[in-house]
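In what follows, a single structure is set out as structure tokens and then discussed.
Taken together, the values in this text are just the output of simple stated rules run on the coordinates, not laboratory data. Not measured: the values here are computed from a predicted model. Neighbour counts run over all protein chains shown; Cβ positions are idealised from the backbone, glycine included.
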Amino acid sequence: MNRDGTMESVWQAELRGITPVNGFVKDKVYDVLIVGAGITGLSTALELQRRGKHCIIAEAYNAGFGSTGGTTAHLNTILDTSYRDMERAFSKEVARLVAAATRQAIMKIGRNVEEFRVDCDFRYRNGYLFATDEQQEQRLEEIVTSARDAGIGIDYSTQIPLHLRFRRAAVFGGQAQFHVAKYLSGLAAAFQQMGGVLLQQAQVSELTTGECYTAATTLGAIKAQHVVYATHLPPGVNILNFRCAPYRSYAAALTLADGQYPEALVYDLEEPYHYYRTQVINGASMLIAGGFDHKTGHNDNTELVFRDMELFLRKNFSVEAINYKWSSQYYTSADGLPYIGGLPGYESVYAATGFIGNGMVYGTMSATIIADLILGNSNELINVLSPGRIKPIAGFSEFVKENADVVAQFIGKRFAYEEVQQLAALAKGEARLADWEGKKVALYKDENGKVHALNPVCPHAKCVVGWNSAEKTWDCPCHGGRYAANGALLTGPARRGLEQIITEHIQGD
């Protein structure tokens, strides 16, 4: 399994490629086209297929290529947006609905594992949340109280399953974990056994309307009555671009010298918070740890973030070896809840995004909501999570801040580049933004010494990309578009990659 970065996640080591089984009939009008084969796309396709719809998935690369391949695979009901915040922004009833749907999503994963006999190390676990100072204790009390009000079984605990300092902690049941790549493989197999079509290396470049939708892809045109974008942000410029903000999170899988691996999911209350759990890989236990989040494209030295993470882990754990390190992208929403449902301005086109750090449960939840929408079934969350909802109070200040940032990135970096050294000083594996003969260029010298020169303006909304030194990608700070070192589109709302510039006359040594 390949992923949208050069650093290998812990899941990639144990997954062979998913092989398409059923053929693509080019003149057929499918019931539903699902764009993207992460957990949202595969869960939605499977749900619709089992409910009688004939579905086809178009994945630009391979299943799990995007954020799903970089998750830490926590299945939790204590979400990044607290139930207290949901109560304040929406209502107690909304908090209860989201809590119930989150529990149902975890149970649905468990049922899929059982029904389709997916060997993916699915385990129910307790979750622990702990505070380390007085201010965090107050937040913990709010979280506990509001979670109870929302119907989550949670109580205080005198211990946590890690040797970390804490002042107060809470424990909550009904959480779970799994091997996400193996789970995806199981979903893909079940979907295809039901007659669904899975296409990989099938990038969708354009969607046109008529008697049905026609999607232009690298494998030919696909026709369908309904379209689901399971790609985080849908491609093109649309309202969700301005209601979501991209962030990167960092993770590692490590071997502990003392063998003290927690049989639980553990979270602190730092900003950004850290999270931990255990996973068996190739027969060996590893601690998976994550955190150190920052807005995409806002940290030029992402390698330093990995060094900070390693120092933190070595300070707090008996680290024998760090086996894997990687980062992944997620999107936050303006008001703290995901956007799941009909894409504003379109009929029979659906999207799911703004999952914050809860993509595994929200992606699974999306399958039920979107299937109910397509089939005309009632679902209490349809209006609550609609991408067209307008909440001028809930999250409005965050909405303004994020979109002011989009404008600042466009104006600030588009016209004010810092001075750079001569091209000859560019080391192998290094990249930078530069002025060259009056042109703005994004430069990268590969390990063979070849310089790749690109137009650094993101083709989506004309922001300027920044270099991710750890993953060796060009990342857009506005809407999260990500591009390979040679400019090829990896993920994001753009429909094409960065423009290449002929570089024969600007080669370095």
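Odds and ends about this structure:
- Residue (of Tyr275, Phe306, Gln138) at the positive-pole extreme of the chain, dipole from beta-carbon charges: Tyr275
- Farthest toward the positive end of the dipole of the chain, out of Tyr156, Asn455, Ala95, is the Cα of Ala95, where the dipole comes from beta carbon charges about the Cα centre.
- Shape category assigned to the stretch 181-294 from the gyration tensor of Cα positions, a/c cut at 1.5: oblate
- Electrostatic bookkeeping for Asp149 treats Lys and Arg as +1 and Asp and Glu as -1; over the other residues with beta carbon under 10 Å from its beta carbon, the sum is +3.
- Glu114 sits among other residues whose Cβ lies under 15 Å from its own Cβ, and their net charge, with Lys and Arg +1 and Asp and Glu -1, is +3.
- No Cys partner within the rule (Cβ under 4.7 Å), the chain: Cys55, Cys120, Cys212, Cys244
- For the stretch 98-212, the Cβ-based charge dipole about the Cα centre amounts to some 380 debye (Lys, Arg positive; Asp, Glu negative; other atoms uncharged).
- If the chain linking Val29 and Lys92 were pulled fully straight, counting 0.36 nm for each residue of separation and taking away their Cα-Cα distance, it would gain 18.4 nm.
- Point-to-point label distance, Ala13-Gln193, nm (Cα→Cβ direction, 7 Å offset): 2.9 nm
- Model label sites at Thr6 and Glu270, defined 7 Å from Cα along the beta-carbon direction, differ in position by 2.7 nm.
- Charge dipole of the chain (Cα centre as origin; +1 on each Lys and Arg Cβ, -1 on each Asp and Glu Cβ, all else neutral): 780 debye, rounded to the nearest 20.
- Residues whose amide H comes within less than 5 Å of that of Thr473, counting only those at least five positions distant or on another chain, are Asn468 (H built at 1.01 Å from N in the peptide plane).
- Each of Ile222, Ile322, Val118 was placed along the dipole of the chain (beta-carbon charges, centred on the mean Cα), and the one lying farthest toward the positive end is Ile222.
- With the convex hull constructed from alpha-carbon coordinates only, the stretch 119-192 shows a mean projected area of 6.6 nm² over all directions.
- When peptides 366-374, 128-136, 4-12, 206-214 are ranked by their average number of other Cβ atoms within 10 Å per residue, the highest-first order is 366-374, 4-12, 128-136, 206-214.
- For the stretch 293-340, a simple Cβ point-charge model (Lys and Arg +1, Asp and Glu -1, everything else neutral) yields a dipole of about 120 debye relative to the Cα centre.
- Potential lengthening between Gln260 and Glu211 on full extension [0.36 nm per residue; Cα-Cα distance subtracted]: 11.6 nm
- Environment charge of Ser67, counting only residues whose C-beta is closer than 15 Å and scoring Lys/Arg +1, Asp/Glu -1: -3
- J(HN,Hα) series, the stretch 312-322, from Karplus relation 6.51 cos²θ - 1.76 cosθ + 1.60, nearest Hz, glycine and proline x: 4, 5, 5, 6, 9, 9, 7, 6, 8, 7, 9
- Helix-only arithmetic for the chain: the sum of -39500 (n - 2.57) across DSSP H runs with n ≥ 4, divided by the residue total, places the mean residue ellipticity at 222 nm at -8000 deg cm²/dmol.
- Karplus-derived 3J(HN,Hα), 6.51/-1.76/1.60, for each residue of the stretch 484-500, Hz, glycine and proline x: 5, 4, 8, x, 5, 5, 9, 8, x, x, 5, 9, 8, x, 6, 5, 7
- The stretch 216-245 and the stretch 297-369 have Cα centres lying 19 Å from one another.
- The alpha carbon centroids of the stretch 57-96 and the stretch 103-140 are separated by 12 Å.
- The order of His460, His479, going from fewest to most other C-beta atoms within 10 Å of their C-beta, is His460, His479.
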